Amino acid sequence: MPTAFSAIGQPVPQEEGPDKVSGKALYAADVRLPGLLWGLVLRSPYPHAMIRHIDTTKARQVPGVHAVLTGQDLPDRRVGRLLRDIPVLARDRVLFIGEKVAAVAADTLEAAEAALALIDVTYDELPPVFDPLAAMQSSAPTLHPDMASYQGLPQPMATLNNVFAHNSWVKGDIAAGFAAADHIFEHTFTAQLMHQAYIEPHACVVHIDDHGRAQVWANNKGPFMLREQLAAVWDVPQEHIRVNPTSIGGDFGGKGSFMDVPLCYHLARHTGRPVKMVMDYIQELMAGNPRHPAIITLKTGVSNDGRMLARQARVVFNSGAYGAFKPRVYIRGADHSGGPYRIPHVHIESSMVYTNNVPCGHMRSPGKPQVAFAVESHMDMMAQALGLDPYAFRQRNILRDGDVSPVGEKLQHIRAEDTLRQAAQAIGWGRPHQRPHVGRGLAIADQPQGAGQSTASVTIDADGKVNLYMSLWDTGTGAHTIMRQIVAETLTLPPEQVHLVMQDTDAIPFESGPGGTRVTYTAGQAAFGAAQDLRDKLCAVAAELFEAPVDRLQLSQGRFAMPNNPSRTLSLAEVVAQARATADNPLRGTMSVTSTPPHMTSFCAQAAEVEVDPDTGQVTVTKIVTAHDVGAILNPLTHQGQIEGGLLQGFGYALMEELRSEDGQVTTLSLGDYKIPTIKDIPELVTVLLEPGPGPAPYQSKGIGESSNTPVAAAIANAVYDAVGVRILDLPLTAEKVFAALQARNSG
């Protein structure tokens, strides 16, 4: 491992940037094929109803219409990322407003829209249930009476009504922990429905080619997992499906789902023509796969000296009508209900609940922002009741090296204490406020590294140009640039000499794709290993040319040399030319990786400073400090971009973003109604990076993509309490809620 880097640590711009800003980048919505038809869907206006009859007679007569499909025209199969519980088109019942009921394919969008307007559907309304706690009661309607037959359902099955996944984590003896406690605190928090708010909508094109293969272009970051899902629901072999590379645009967790692709195939099959489907933003907001609302109850036992002894947590996630959009069926964020603290006795229960709301999926660090808001608000509430400083209370209980996490994990290189200290110092913790109604708040959370599968190959031509071949879709994070830098560093070349070539799903057996903070850790290992394999092969050729042992060679700045004769050197191009003269095949390095979760996590502590108007409840965030436990920084440009981008998503989650619904109907159906932060909302942002420590990814790096959006809401909520003395237990922290709390407090 070199002590100084040439490509690593440099602010290399993203290679695909010019194509994106110039309009050259190809997105799924841009794909044009001869004979292309437009596909549209008719969606349910009811949250829960029986479908009695669908009359498509008039729709089929619209000029330019080539197919009108209902659930009765399709095989009776369900689709899902792991839990296959959603029909391609509703057959006999609809379970949320926006569920697909019928579909058309036509020459033009206008013809397709005209046909949709002529489809006559007769419904019988059924009692809906929107609240997950109510849905769990035996008196609530059972939304999936055939749930036991679903593929991918966790076993053993949950016993509560409408609960399709139940998880628990236990450490120690919870009863003994509470018995030993001097104080017991219990609080309940709620988190809202939130959309990922990417600009590029879900889109897809499906074409059945002359060989009967399904050619797919989709706004999906996990093409291999998509292929598996499609093969299952279409009942075709995976090798009969090819997912072709396209630009994804924004993701933030929302672009891993199948969306319209299964239906698009059936329209293409019925018409014999390629079909394109693009969701508009009304459809995105009413029928996408947003972040889960959650109800979180925490009960904690604490000793007189401020040590936490026991934590009981109940986390209820409102999954909406289906669980198909979740890759693991359940959300793992509940296992962080103990926070990054030493708690000897822990009992956590988590439930995924069916309701008649929009089905939820994944969003950046799934489950963790909801849980962190509860955990870190709970910490401040306990500190206040105990008469302790919130920072001191956290430091008394924070995880340190040698400790076991609340769910029994033995972690290495724990730097939570230092991370929290840096955030507190940077915000001026303990310094008197200069104005009234100003407050500061702290919060901390951790983000483990994800695992998965990845494959890479690296070639070099006679001019020294290097191609890196991967099937890794980039979601705008700069992953391709990072992979190029890893290869360039390994071969001691400038990053501009390395080009990433995107491969389709025919190229390799499988790639997990981006998500779960696994790209640099998993795909990075594949890129590093492939480059190292190529380097070893080049070294072998160079050793023959030098007539010297391989271990005597040095490679620096793209040239081989012997330490005892530095005047004699060989460029990579010269070595490649020799290799090509003696072999027919070009030099190629390959590596396939199946990573496992490392016993290491990274910490993010954030501190917020706010000013609250007591006459209106308006919260103005004036400063946010985000402190990070990092490894080697591979690209400071993209690294900082991930930090600030995640922080501002957490900012929106804290203060304004919410998919509001009334009786199951989403009412925020545009980005004019669904508020996201703008440049005028953004406070002073201060980033503090700890001295780089050990990391599990190549060159001792750590993932950074998900951590900065997790503690923000709690830090702001704690600052609001510090400013005006009211505690908001449900997100977002709107002026209306703060004003109502102030009025309630003032009126006694």
Within region 19-33, restricting to residues that are touching a residue at least 40 places away in the same chain (Cβ under 8 Å) and part of a loop (DSSP other than H, G, I, E, B), the one that is nearest to His207 (Cα to Cα) is Leu33
Point to revise | Filter result for Arg484 (buried (at least 20 other Cβ atoms within 10 Å of the Cβ), at pLDDT below 95 and closer than 23 Å to Ser247 by Cβ) | key: no
Going through (1) in contact with a Cys (Cβ under 7 Å, 6 or more places away or on another chain); (2) without any contact (Cβ under 8 Å) to a residue 12 or more places away in the chain one by one, Thr626 fails only at (2)
Picked from region 310-366 (must be in a loop (DSSP other than H, G, I, E, B) and of a type in the set (Val, Ile, Thr)), the residue surrounded by the fewest Cβ atoms within 10 Å (Cβ to Cβ) is Val329
Test Ala59 against the criterion of being closer than 30 Å to Leu36 by Cα, touching a residue at least 60 places away in the same chain (Cβ under 8 Å) and assigned to a strand (DSSP E or B), and give yes or no. no
Return yes or no: is Ala579 of a type outside the set (S, T, N, Q), in contact with a strand residue (DSSP E or B) (Cβ under 8 Å, 6 or more places away or on another chain) and crowded, with 16+ Cβ neighbours inside 10 Å?
no
Of the residues in region 515-561, those that are aliphatic (A, V, I, L, M), surrounded by fewer than 16 Cβ atoms within 10 Å (Cβ to Cβ) and not in a helix (DSSP H, G or I) come to Ala548
Given the conditions (1) closer than 18 Å to Ala607 by Cβ; (2) without any contact (Cβ under 8 Å) to a residue 12 or more places away in the chain, every one holds for Gly387 apart from (1)
Leu659 passes all but one of the listed conditions (1) part of a helix (DSSP H, G or I); (2) closer than 30 Å to Gly98 by Cβ; the exception is number (1)
Q. Has region 725-735 got any residue that is at pLDDT 95 or above, among the hydrophobic types (A, V, I, L, M, F, W, C), crowded, with 22+ Cβ neighbours inside 10 Å and not in a loop (DSSP other than H, G, I, E, B)?
A. no
(request) Tell me, please, whether a residue that is modelled with pLDDT of 95 or more, touching a Gly at 6+ places or on another chain (Cβ under 7 Å), among the charged types (D, E, K, R) and within 12 Å of Thr687 (Cα to Cα) can be found in region 614-626. (result) no
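Table: residues versus (1) over 30 Å from Ala385 (Cα atoms); (2) touching a helix residue (DSSP H, G or I) at 6+ places or on another chain (Cβ under 6 Å); (3) in contact (Cβ under 8 Å) with a residue 60 or more places away in the chain.
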{"position": "Ile676", "(1), (2), (3)": "yes, yes, yes"}
{"position": "Glu691", "(1), (2), (3)": "yes, no, no"}
{"position": "Ile704", "(1), (2), (3)": "yes, yes, yes"}
{"position": "Ser747", "(1), (2), (3)": "no, no, no"}
Within region 179-202, residues among the aromatic types (Phe, Trp, Tyr) and either free of Cβ contacts under 8 Å to residues at least 12 places away in the same chain or surrounded by 18 or more Cβ atoms within 10 Å (Cβ to Cβ) (or both) come out as Phe189, Tyr198
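Rundown of residues vs (1) more than 23 Å from Ala321 (Cα to Cα); (2) surrounded by 22 or more Cβ atoms within 10 Å (Cβ to Cβ), yes/no style:
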{"site": "Ala214", "(1), (2)": "yes, yes"}
{"site": "Pro223", "(1), (2)": "yes, yes"}
{"site": "Val243", "(1), (2)": "yes, yes"}
{"site": "Ser247", "(1), (2)": "yes, no"}
{"site": "Ser257", "(1), (2)": "no, yes"}
{"site": "Cys264", "(1), (2)": "no, yes"}
{"site": "Asp280", "(1), (2)": "no, no"}
{"site": "Leu285", "(1), (2)": "no, yes"}
{"site": "Leu298", "(1), (2)": "yes, yes"}
inquiry  = Against the definition (surrounded by fewer than 24 Cβ atoms within 10 Å (Cβ to Cβ) and not in a helix (DSSP H, G or I)), how does Gln412 come out, yes or no?
reply    = yes
Of the residues in region 589-645, those that are of a type in the set (Gly, Ala, Ser) and either more than 28 Å from Arg535 (Cα to Cα) or more than 27 Å from the chain's Cα centre (by Cα) (or both) come to Gly589, Ser602, Ala605, Ala607, Ala608, Gly617, Ala627, Gly641, Gly645
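The values are calculated or read from the model by the stated rules, or taken from the named source; none is laboratory data. Worth saying up front: this structure is predicted, and the values here are computed from it rather than measured. No Cβ is skipped: glycine too gets one built from the backbone with ideal geometry, and neighbour counts run over all protein chains shown.
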